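Student: Here you go, one structure.
The values are calculated or read from the model by the stated rules, or taken from the named source; none is laboratory data. All values derive from a computational prediction rather than experimental measurement. So basically every Cβ, Gly included, is an ideal-geometry build from the backbone, and we count neighbours across all protein chains shown.
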Amino acid sequence: MNNNRIKVFLILLISFLFNPAAFSQVKLLIPMENTQTDHLKAYGIAYRHLLGNKEVDWLLNYRGGSFMFGYSAKLQEECNAKGVYYELLEGTQTAQVYAEAKDDKNNMDVVRLEKVARIAVYVPPNALPWDDAVQLVLEYAEIPYDKLWDEEVLSGKLKGYDWLHLHHEDFTGQFGKFFATYGSAPWYLNQQKINEDMAAKLG
């Protein structure tokens, strides 16, 4: 038996001695490598799980950065409904996964996620949803987020968020790259007016 196998065996033995109940608990693993049928929906499931004040273990570099959940019938039903691939693991299987993920030789780690990031997108009210790939991803994954624009930023609401997405914004006051081609188009003129009105309002 080589040193690596001995180390895995000892981790399993210690896990059993100090937490024998863990070997009888079923876990739900959502792998994130090529076996996953819907990666974006999988991220959404993990996010909403955290919203319910439940913890998720993020297995960094293990099968694409998988998520390990405590099993519940509701969670399994949600995976089935969203078309997300998952695997149910018994106690010994779970311990083996954690042992592999925590082995220093594998360049992996386990991160316990306990709270969600509060997400906002900086976007004007007239922006169309297909203008921003990030909004499309969040909508598809069913991850809740708020939309902020200049008034919200200047009123200090940014401090209420952990993550803000900016869609290639130009804060220099210059016309955008579409001006030469679409400068006289109704949609561009409307966008220009909205920005100028907001600038005048905020001084």
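Student: Within the stretch 128-149, which residues are buried (at least 17 other Cβ atoms within 10 Å of the Cβ) and free of Cβ contacts under 8 Å to residues at least 40 places away in the same chain?
Tutor: ASP132, GLN135, LEU138, TYR145, LEU148
Student: A further question follows. Please count how many residues of the stretch 49-78 are more than 13 Å from the chain's Cα centre (by Cα) and among the aliphatic types (A, V, I, L, M).
Tutor: The number of residues fulfilling the criteria is 5.
Student: Let me confirm something: among ALA42, ALA46, ALA101, which residue is in the same structural domain as LYS27 (by TED's automatic domain parsing), touching a Cys at 6+ places or on another chain (Cβ under 9 Å), surrounded by 13 or more Cβ atoms within 10 Å (Cβ to Cβ) and assigned to a helix (DSSP H, G or I)?
Tutor: Values: ALA46 fails: touching a Cys at 6+ places or on another chain (Cβ under 9 Å); ALA101 fails: touching a Cys at 6+ places or on another chain (Cβ under 9 Å).
Going through ALA42, ALA46, ALA101 in turn, just one is in the same structural domain as LYS27 (by TED's automatic domain parsing), touching a Cys at 6+ places or on another chain (Cβ under 9 Å), surrounded by 13 or more Cβ atoms within 10 Å (Cβ to Cβ) and assigned to a helix (DSSP H, G or I): ALA42.
Student: Please name all residue pairs, on different chains or six or more residues apart, with Cβ atoms under 8 Å, provided the first residue is in the stretch 172-192 and is part of a loop (DSSP other than H, G, I, E, B) and the second residue is among the hydroxyl-bearing types (Ser, Thr, Tyr).
Tutor: Close Cβ pairs (under 8 Å, with a partner that is among the hydroxyl-bearing types (Ser, Thr, Tyr)) amount to PHE178/TYR188.
Student: How many residues does the stretch 81-98 contain that are part of a loop (DSSP other than H, G, I, E, B) and in contact with a strand residue (DSSP E or B) (Cβ under 9 Å, 6 or more places away or on another chain)? Full working, then the answer.
Tutor: Of all residues in the stretch 81-98, those part of a loop (DSSP other than H, G, I, E, B) come to 83-86, 90.
Next, from what is left, pick out any that are in contact with a strand residue (DSSP E or B) (Cβ under 9 Å, 6 or more places away or on another chain): 84-86, 90.
Total satisfying the criteria: 4.
Student: Moving on to the next point. From VAL153, VAL137, VAL121, which residue is outside the structural domain of GLY44 (by TED's automatic domain parsing), closer than 30 Å to ASP57 by Cα, of a type in the set (A, V, I, L, M) and assigned to a helix (DSSP H, G or I)?
Tutor: Values: VAL153 fails: closer than 30 Å to ASP57 by Cα; VAL121 fails: assigned to a helix (DSSP H, G or I).
Every option except VAL137 fails the conditions.
Student: Moving on. Under the condition of being modelled with pLDDT of 90 or more and surrounded by 13 or more Cβ atoms within 10 Å (Cβ to Cβ), which residue from the stretch 151-197 is farthest from ASN126 (Cα to Cα)?
Tutor: This residue is TYR161.
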